[in-house]
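Below is one structure, written out as structure tokens; comments come after it.
The values are calculated or read from the model by the stated rules, or taken from the named source; none is laboratory data. What you see is a predicted model; the values in this text were computed from it and never measured. Note that we place each Cβ from the backbone using ideal geometry, even for glycine, and neighbour counts take in every protein chain shown.
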Amino acid sequence: MEDWYARGEKAFLKAYGRYDVVLEKGEGVYLYDTQGRAYLDFYSGIGVNSLGYGYPDYVKALQQQVATLMHVSNYFYTPVAIEAAEAVKKATQLEGVFFCNSGTEATEGALKLARKYYYLKHGKADSEIISFRHSFHGRSTGSVKLTGNPAYQEAFGPLIEGVRYADLNDIESVKSLINERTAAIIVEPVQGEGGVYPCDKTFMKQLRALCDEHDICLILDEVQCGMGRTGTIMTYFQYDILPDIVCLAKGIGCGIPVGAFVANEKWAAAMQPGDHGSTYGGNPLACAAVKTVFDILEKDHILAHVQDVSQYLIQCLDELVDEFDNVVEHRGLGLMQGLVLKTEAKPVVKELLNEGVIVVTAGSNVVRMLPPLIIEKEHVDELMTKLRKVLKKS
Ligand SMILES: Cc1ncc(COP(=O)(O)O)c(C=O)c1O
């Protein structure tokens, strides 16, 4: 039998600590390795594959687009890109869309737009941005600086200047950083990578009010929590606020690499031709994915399904908290849940993989669940059976 893992270890830069499992195909909410072994997917390629694998309408739309037109550059409009942008505008209730290729590019673009607005207003480029500890916004030298985790930054300086970090759900820590140079506050409504920490409702409203008071751009990073994952199309609708800019990626393409940042009228007006660009960003193939994802979410009532099945998942996680000493609590919204352990999460994630379930860590002690939005209760039951087996040994 081919030793794919050994070949991979020789072929790639060692940027990732990869599992010794080589995945070959997906079907529904299961992945299959090169030996034909099935894995229940409770991570969706880190929150990307919301429609699972081989969703018929999605596959059909992309096949058609590949055969019709894949790329033209942003010097031209295409009908499919216009339809995708209109769908994003409708879903976000914001005004102007910029398509890019990843979450990192979305946060990087949002950062540039907030800085541009500040520059036009003040005539100087010395703005500051407030971000949060435990946040994650990407890996480029701009977005990694927005990421409130020194471990990701240390070796790569000098990074961009002017980023300051506050504590999530502590409005006083934010207020203490605001000054006349503050151009933006960037926050994930639910911090993903950092440990699955949702923003409190009051805190989010206070952030909105602070930004309004000081003419600061409120950037919500919904790269992980957006696109229906928490039960509403954008998580911010659960907070009864609108951002000035929202960042999207992952579930907006469901497998095709695509991201977007979307601004309201006021901030959108700061963008002028030549300010920003991307060769691939929003090409017809990516936009066919975006448009189809929105169509499917609506036509197949996926949000109602997320609300229903996530209630069941939460109920089952509650039972684990009562049952196991090693389980402290669970946190999250909808189908973005973290099981907080007293011990390290990595061994539990690894054991679950051996049992045929894929989950992912968040922080050091959180088992993060980001299943496809189409999972059924029977899949939650399968997860619970295997989790119980693993937790008994932990
Ligand atoms: C909230 C958030 N922002 C940005 C990113 C970066 O996205 P990407 O890896 O697509 O560049 C991620 C990735 O996990 C994320 O979770």
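All but one of (1) within 30 Å of Glu265 (Cβ to Cβ); (2) over 25 Å from the mean Cα position of the chain (by Cα) hold for Val88; which doesn't? It fails just one condition, (2).
If you go through the stretch 198-222 and pick out every residue that is outside any loop (DSSP other than H, G, I, E, B) and within 12 Å of the ligand (Cβ to nearest atom), you end up with 3. Only one of the listed residues (Leu341, Leu320) is in contact with a His (Cβ under 9 Å, 6 or more places away or on another chain) and not polar (S, T, N, Q). That residue is Leu320. Within the stretch 245-256, can one find any residue that is closer than 16 Å to Val48 by Cβ and more than 15 Å from the ligand (Cβ to nearest atom)? Taking every residue of the stretch 245-256 in turn, none turns out to be closer than 16 Å to Val48 by Cβ and more than 15 Å from the ligand (Cβ to nearest atom). Within the stretch 86-97, the set of residues being part of a strand (DSSP E or B) and either within 11 Å of the ligand (Cβ to nearest atom) or of a type in the set (A, V, I, L, M, F, W, C) (or both) comprises Val97 only. Of the listed requirements (1) farther than 23 Å from Tyr43 by Cα; (2) more than 14 Å from the ligand (Cβ to nearest atom); (3) not in a helix (DSSP H, G or I), Ala288 misses just one: (3).
The residue that is surrounded by the fewest Cβ atoms within 10 Å (Cβ to Cβ), among those in the stretch 187-230 that are of a type in the set (Lys, Arg) and more than 11 Å from the chain's Cα centre (by Cα), is Lys201.
Results for (1) outside the structural domain of Val262 (by TED's automatic domain parsing); (2) more than 14 Å from the ligand (Cβ to nearest atom); (3) of a type in the set (S, T, N, Q); (4) not in a helix (DSSP H, G or I), shown as yes or no for each residue.
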{"position": "Ala84", "(1), (2), (3), (4)": "no, yes, no, no"}
{"position": "Phe99", "(1), (2), (3), (4)": "no, no, no, yes"}
{"position": "Gly109", "(1), (2), (3), (4)": "no, no, no, no"}
{"position": "Tyr117", "(1), (2), (3), (4)": "no, yes, no, no"}
{"position": "Phe132", "(1), (2), (3), (4)": "no, no, no, yes"}
